[in-house]
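Structure, as structure tokens:
The values are calculated or read from the model by the stated rules, or taken from the named source; none is laboratory data. Just so we're clear, the structure is a prediction, and the values are computed from it rather than from any experiment. Note that we place each Cβ from the backbone using ideal geometry, even for glycine, and neighbour counts take in every protein chain shown.
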Amino acid sequence: MLFALLGAVLIGLCLGLLGSGGSILTVPVLLYLVHMPAKLAIACSLGIVGGISLVGALPYAYQRLVRWRFVLLLGLPDMLGAWIGAWAGEFMPGSLQLIIFAIVMLVAAAVMLRDSPPNPEANLRHAGWKIVLSGFGVGLIVGVVGVGGGFLIVPALVILGQLMMRPAVATSLVIIMLASFTGFARNLLSSSAQSLHISWGMIGLFILVGALGSFAGHQISARMPHHQLKRLFGVFLVLMAAYIIWRTLPHVFRARGSLT
């Protein structure tokens with residue numbers, strides 16, 4: 001349990017620092033440290049990420065760093081995509097969701113390891129439909145695999161919205177909160193919700209501990225070089241994705257063998 005709580009601190013720390021990344025750690029922490037089954041880990045992850053993101057967004061909102069225009073343009077389609085993605089996830093085996101999750105982690109690692117382009121604040125206009133479509137696509141991933149999607153939202157805000165890093169992080173946290181709570185609500189309303197046995201105490205504890213990590217990340221973010229942290233985190237994501245694939249692929253092959 002101690003390692004699980006340390007994982008919750010790391011989740012909040014990454015969210016506070018980067019506006020992303022922490023959410024993608026939640027499912028592995030619940031799977032391998034709390035020993036939840038895959039379906040339950042994905043459902044609980046959405047509630048935990050939503051709660052930590054809500055708390056983590058407060059200091060940024062107080063400093064007026066949240067760009068509410070992009071919350072609407074990206075956030076509303078993101079919520080719709082998360083609802084549909086959570087619905088689609090009901091029909092997938094947990095092992096398939098984990099393989100998709102590992103692939104998403106590799107995509108996130110590529111984003112983290114890539115050098116960020118210059119990002120002057122909103123001097124260029126990009127087509128609104130690109131931002132809306134990006135939000136919907138991220139939402140689908142959020143609902144299916146139980147991540148907040150910040151590792152995709154932050155680059156979208158930087159590249160399409162031309163935001164500086166700190167406003168992009170602030171706005172990302174609000175969008176993550178909206179999409180995560182939407183996907184979590186869809187899981188609660190699903191026909192299989194009663195069989196999941198949602199652990200509300202565990203969710204509350206993770207939100208509390210993760211929120212402390214998020215506040216610490218917010219304080220560190222003004223001092224720590226983001227490019228170094230992003231590269232270290234990218235390497236960690238590659239290793240974690242490889243571990244999940246190694247643990248999950250045998251279950252996929254066994255399921256296919258039973259069908260044949």
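Key figures for this structure:
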read-out	value
Search result, residues across the range 161-182 that are modelled with pLDDT of 85 or more and among the basic types (Lys, Arg)	none
Condition broken by residue 108, with the remaining ones in (1) modelled with pLDDT under 85; (2) surrounded by fewer than 20 Cβ atoms within 10 Å (Cβ to Cβ); (3) under 18 Å from the mean Cα position of the chain (by Cα); (4) within 22 Å of residue 210 (Cβ to Cβ) satisfied	(2)
Those residues of the range 184-203 which are closer than 28 Å to residue 154 by Cβ and at pLDDT 85 or above, in sequence order	184, 185, 202, 203
